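To start, the structure itself, in structure tokens.
What follows is calculated from the coordinates using simple rules that are stated; it is not laboratory data. Model, not experiment: these values are computed from the prediction. Cβ atoms come from the backbone with ideal geometry, glycine included; neighbour counts cover every protein chain shown.
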Amino acid sequence: MNTKSSSLIGILAGVIVLSTFSIGSANATVQGQQRREARDTRQDTRDTSRQDKRECVVSNNKSNHDCRQDKRQSKQNGREQARDIKY
């Protein structure tokens, strides 16, 4: 091989390696955004669940057991939403 073709092969190999790294980092960025969004969803759900339980207990519409079950169910719904975002 002459030097021109060796240089061309080296440049092509470099481009392939760089494109592979950039695809991998782009995928990692998307996954990071999904994890962040899922975490935010779960945290928002926790806050909302706490507030709903407090209101339930204060308004005395249901027993403490029923208020607790409502809180658990709303947290479970938030977890499912977070899973839907991530996967």
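Obtain the nm distance between the two label points defined at Asn27 and Arg79 by a simple spin-label model: each point lies 7 Å from its Cα along the Cα-to-C-beta direction.
In this crude label model, Asn27 to Arg79 measures out at 2.9 nm.
Give me the number: length gained by fully extending Arg54 to Ala13, i.e. 0.36 nm times residue separation minus the C-alpha to C-alpha distance, one decimal in nm.
Contour length minus Cα-Cα distance gives 8.6 nm.
How do 28-40, 71-83 rank on mean C-beta neighbours within 10 Å, highest first?
71-83, 28-40
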